[in-house]
Each structure stands twice: as structure tokens, then as C-alpha cells.
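Right, one structure below, let's go through it.
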Amino acid sequence: MISAANRFEYGFIGAGNMVSAIVQGMSAAGVEGESLAITDHSGKRAPVLAKAVDATYLPDTAELIRRSKTVILGMKPHQQNQLLRTYREEIAQSQPLVISIAAGRSIAQLEAQLPEGTAVVRVMPNVAAQVGLSTTALCGGTHTSAEQIRTATALCEAIGSAQVVAEELFPVFTALAGCSPAWFAATVDALAQAGVAEGLTKTAALTAAASAMEGTGKLIQAALAGGNTAADIVDQVCSPRGTTVAGLLAAEDAGLRRVWHSAVRAAVARDAHLSAN
Ligand SMILES: NC(=O)C1=CN([C@@H]2O[C@H](COP(=O)(O)OP(=O)(O)OC[C@H]3O[C@@H](n4cnc5c(N)ncnc54)[C@H](OP(=O)(O)O)[C@@H]3O)[C@@H](O)[C@H]2O)C=CC1
Ligand SMILES: O=C(O)[C@@H]1CCC=N1
């Protein structure tokens with residue numbers, strides 16, 4: 001085994017959307033590029049990402065596994081099985097902490113595919129990692145020590161906030177935190193389009209809606225810290241006979257709450273489908 005002093009702190013397998021966000025977030029938070037190694041399948045995005053953050057690009061996945069204390073599995077859920085079969089021997093020899101960010105892949109599935117005794121942490125980040133604002137869930141496996149949970153937590157805290165979440169709640173956490181940046185972006189785009197219909201330019205409409213969303217997120221966090229809720233902010237904005245309550249009732253008539261309930265249910269169902277395949 002390569003001595004600990006000569007191993008990278010974190011080795012990323014995959015350099016797609018989520019790993020790029022994590023690596024850029026870590027770099028912006030001051031994590032040294034020299035502690036990171038990155039590989040991918042095609043050799044297209046990993047070298048570019050590595051260069052951008054002064055990390056090391058390793059074209060050989062086996063070498064990355066041998067030379068990393070913590071290995072992050074950053075590929076699609078259905079791509080994990082093949083990879084773990086291919087590199088089982090390297091993982092058995094170098095015994096890294098293995099972190100999976102895949103939706104729908106359980107700790108039990110990971111442990112069944114990894115060499116006996118491998119320490120595993122399941123993590124669910126989101127793309128706001130790129131700007132240091134991922135709210136990330138993590139959960140340790142059967143062979144994971146408290147020290148290894150601290151290592152994974154430190155990684156997650158470099159890209160935002162981290163909380164240990166019971167694994168059975170990962171599917172719903174994935175919906176609310178992992179998926180919702182796409183849903184919120186789609187919502188901002190829809191709001192902006194409605195603004196365009198009323199005369200704003202698309203850029204002005206997007207800027208207004210996005211900054212209102214950012215401000216509202218902060219207001220809700222402050223409300224929660226002060227023992228209040230999101231509903232209190234709704235009440236604060238809805239003036240009697242005002243514009244907001246008129247718009248809100250129209251949105252609720254059009255299915256506002258039903259839309260989000262459906263979105264979360266569909267994401268949770270898809271997570272279960274990924275787990276079963
Ligand atoms: N996107 C998101 O917002 C979030 C994603 N996730 C999870 O993150 C994971 C990645 O998602 P995302 O980044 O969107 O996916 P992408 O398709 O953007 O990236 C997948 C990456 O995995 C690489 N890869 C695939 N197979 C291998 C292999 N055998 N060896 C080395 N590299 C490989 C691909 O390389 P190449 O391009 O060269 O083929 C690519 O760089 C998923 O499991 C997803 O569930 C979790 C939270 C949020
Ligand atoms: O869409 C997906 O499956 C991944 C997981 C959460 C966000 N993106």
C-alpha cells in the first residue's frame with residue numbers, strides 16, 4: 001500500500017455536473033488542489049476540471065484508487081456496478097474510505113459490491129456546492145468509524161452545510177435538496193416568462209425572480225432560527241385585499257401545493273426504481 005503521506009486526500013471518479021460543482025466549491029473554500037485527484041471515463045472533462053483547480057488528473061482509475069485516502073464515486077447510479085466490479089481488487093488492497101453521491105444506491109448495495117470491511121459513506125449533495133451552499137445529507141455504513149464520518153463531514157462542510165440523515169430518509173432528502181435546484185430554476189424560468197408576458201425583458205424578469213428567491217431563502221432560514229416558519233413569511237407579504245393574496249389563491253387554485261406533492265412523490269418513486277435496478 002502507498003504510504004498515507006503520499007496519498008491524495010480525495011480522489012474523484014467522474015467529472016460530470018455534480019463532481020464539477022463539488023470540486024469547484026472545495027477549491028473556492030480553500031481546499032488545496034494538490035490534495036485532489038480526478039479521473040473520468042472518456043478523459044474529456046476530468047483534465048479540464050483538474051487544471052481549473054490545480055488538482056491532479058489521473059487517467060488510470062486503478063492508480064487513483066491506490067493513491068487516494070478517500071474515493072468519491074461520482075458516476076451515474078447505473079454506472080457504479082461495473083466500476084466496483086472492475087476495481088474490487090484495488091479497493092481491497094488500498095482500503096480507501098468510499099463515498100457515494102449516487103441517488104438510489106443504498107449502503108447495503110454498496111457494501112455488497114465492495115470488499116468485506118470497506119468503510120462507506122453515502123452522501124447526497126446538490127449543485128449549489130459550486131457556490132458553497134449545498135445542503136448535504138450523509139450516512140455511514142456498517143464498517144465506518146466516527147473518524148471517517150468526520151472526514152466525510154469535513155468534505156461536505158467545505159461545500160456548504162452537512163447533516164447526518166437516517167438512510168431511509170435519503171429518497172425524500174434527495175427530492176427536497178438534491179433535485180430541487182432544478183425545480184427552483186424551472187420555477188424561476190416560468191415566473192420570468194410570465195413577467196415577459198407582462199412587459200419585462202427576460203433578463204430583467206430572471207434577475208428579479210432569482211434575487212427574490214435568494215432573499216426569500218435567507219428570510220426563511222432566519223424565520224426558522226427564530227422559531228417561526230415559512231408560513232409566517234407568507235402572512236407577512238399577503239396584505240389584506242392585496243396583490244400577493246390574489247396571486248397566491250390563483251396559484252393554489254391552479255394546483256401549487258399539488259404540483260410540489262407530485263414532484264416529491266415522483267422523485268421518491270424514481271429513487272426506489274433506481275434502488276431496485
Ligand atoms: N447532478 C446533480 O445535481 C446531482 C447528482 N447526484 C449524483 O451524482 C452522480 C453523478 O451525476 P452527474 O454529475 O449529474 O452525472 P454526469 O453524467 O454529469 O457525470 C458522470 C461522470 O461519471 C463519469 N464516469 C462514468 N462511468 C465512469 C467510469 N467507469 N470510470 C470513470 N468515470 C466514469 C463520467 O465520465 P465521462 O463523461 O468521461 O463518461 C462523468 O464524468 C449521480 O450518481 C447522481 O445521482 C447527486 C446529487 C445531485
Ligand atoms: O436527477 C438525479 O437523479 C440526480 C440526483 C439528485 C439530483 N440529480
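The values are calculated or read from the model by the stated rules, or taken from the named source; none is laboratory data. From a predicted model like this one, the values you see are computed outputs, not experimental measurements. Methodologically, a virtual Cβ is constructed for each residue, glycine included, from the backbone with ideal geometry; neighbour enumeration extends over all protein chains shown. Ligands, DNA and RNA are excluded from the accessible area calculation, which covers all protein heavy atoms including side chains. Shrake-Rupley method; radii C 1.70, N 1.55, O 1.52, S 1.80 Å.
Descriptive notes on the structure:
- Restriction of the GluC sites (Glu not before Pro) in region 2-108 to DSSP coil positions whose beta-carbon has at most 12 other beta-carbons within 10 angstrom yields 32.
- For the chain, modelled as a GNM whose springs connect Cα atoms under 10 angstrom apart, the maximal fluctuation among 106, 35, 262 occurs at 262.
- Restricting the trypsin sites (Lys or Arg not before Pro) of region 29-109 to loop positions (DSSP other than H, G, I, E, B) with no more than 13 neighbouring Cβ atoms within 10 Å leaves 44.
- Full extension of the chain segment joining residue 143 with residue 32 gains 37.1 nm, where the gain is 0.36 nm per residue of separation less the Cα-Cα distance.
- Fraction of accessible area attributable to carbon and sulfur, the chain (%, probe 1.4 Å): 57
- Counting only protein heavy atoms and using a 1.4 Å probe, the accessible area of residue 273 comes to about 90 Å².
- The charge dipole of the chain, taken about its Cα centre with unit charges on the Cβ of Lys, Arg, Asp and Glu (plus for the first two, minus for the last two), comes to roughly 400 debye.
- For the chain, the direction-averaged projected area of the alpha-carbon convex hull comes to 16.8 nm².
- Each 10 Å bin, from zero up to the one with the longest distance, holds this percent of the alpha carbon pairs of region 149-202: 21, 31, 23, 17, 9, 0.
- Isotropically averaged projected area of region 69-183, using the convex hull of Cα atoms (one quarter of hull area), nm²: 6.7
- Taking the C-alpha atoms only, the angle from helix 77-86 to the longest principal axis of the chain is near 0 degrees.
- For the chain, calculated [θ]222 nm from helices alone, where every DSSP H run of n ≥ 4 adds -39500 (n - 2.57): -16500 deg cm²/dmol
- The simple Förster model, with R0 at 22 Å and r as the Cβ-Cβ distance, assigns residue 44 and residue 273 a FRET efficiency of 0.15.
- Sparse-neighbour loop sites [GluC sites (Glu not before Pro); region 167-243; at most 13 other C-beta within 10 Å; DSSP]: 198
- Other-chain or far-sequence residues with amide H under 5 Å of residue 71's (modelled H): 11, 97, 98, 99
- Per residue accessible area of region 172-276, 1.4 Å probe, in Å²: 67
- 0 to 90° range, to nearest 10: angle between helix 17-28 axis and the chain longest Cα axis: 90
- Using θ = phi - 60° in the Karplus curve 6.51 cos²θ - 1.76 cosθ + 1.60, the 3J(HN,Hα) couplings for region 184-194 round to 5, 5, 5, 5, 4, 5, 5, 4, 5, 5, 5 Hz; x is entered for Gly and Pro.
- Accessible surface of residue 232, taken over heavy atoms with a 1.4 Å probe and every protein chain present, rounds to 70 Å².
- Under 5 Å, built H, 5+ apart or other chain: amide partners of residue 162: 136
- Rg/Rh (Cα only; Kirkwood hydrodynamic radius) as it applies to region 142-277: 1.04
- Rolling a 1.4 Å probe over the protein heavy atoms leaves residue 31 with an accessible area of roughly 40 Å².
- Proximity of backbone amide H atoms, modeled 1.01 Å from N, is registered between residue 102 and 123 at under 5 Å, excluding neighbours fewer than 5 places apart on the same chain.
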